[in-house]
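Written below as structure tokens is the structure these notes are about.
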Amino acid sequence: MSYPNVLVNFRIPVALKNEFEDACKRLHMPMTAQANLLMREFVTRQKQARDEPNELDDPISFYSGMDDAL
């Protein structure tokens, strides 16, 4: 089964793009496949958060480790 595709452009730091490209090459995984996987995971978590609201209104766990990475 084939799904229609759309071209999407992103502006990301060069260093991050290079690290992402290297990591995907090491895993023998196309960057597009990994980007799709990340987007699917994000959408799934958003749906779960919407269906099961957090009592404390904390940020979604997807973002909880982001401050550490910066």
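See the values below:
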| item | result |
| --- | --- |
| From phi via Karplus (6.51, -1.76, 1.60), per-residue ³J(HN,Hα) for segment 15-20 in Hz, x at Gly/Pro | 4, 5, 4, 5, 5, 4 |
| Surface per residue (accessible, 1.4 Å probe) for segment 15-55, Å² | 86 Å² |
| Computed accessible area, Thr32, all protein chains, 1.4 angstrom probe, square angstrom | 100 Å² |
| Computed label-point distance, nm, for sites Ile12 and Gln46 using a 7 Å Cα→Cβ extension | 1.7 nm |
| Local net charge near Met31, Cβ-Cβ under 14 Å (Lys/Arg +1, Asp/Glu -1) | 0 |
| Local electrostatic count at Ala15 - Lys and Arg +1, Asp and Glu -1, tallied over other residues with Cβ under 15 Å | -1 |
| Extension gain, Asn5 back to Ala23 (0.36 nm per residue minus Cα-Cα distance, nm) | 4.1 nm |
| Accessible surface, 1.4 Å probe, highest first, among residues Lys17, Lys47, Lys25 | Lys25, Lys47, Lys17 |
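The values are calculated or read from the model by the stated rules, or taken from the named source; none is laboratory data. On a predicted model such as this, the values are computed, not experimentally measured, just so you know. Note: ideal-geometry Cβ built from the backbone for every residue, glycine included; neighbour counts use all protein chains shown. Calculation scope for accessible area: heavy atoms of the full protein, side chains included, ligands and nucleic acids excluded. Shrake-Rupley method; radii C 1.70, N 1.55, O 1.52, S 1.80 Å.
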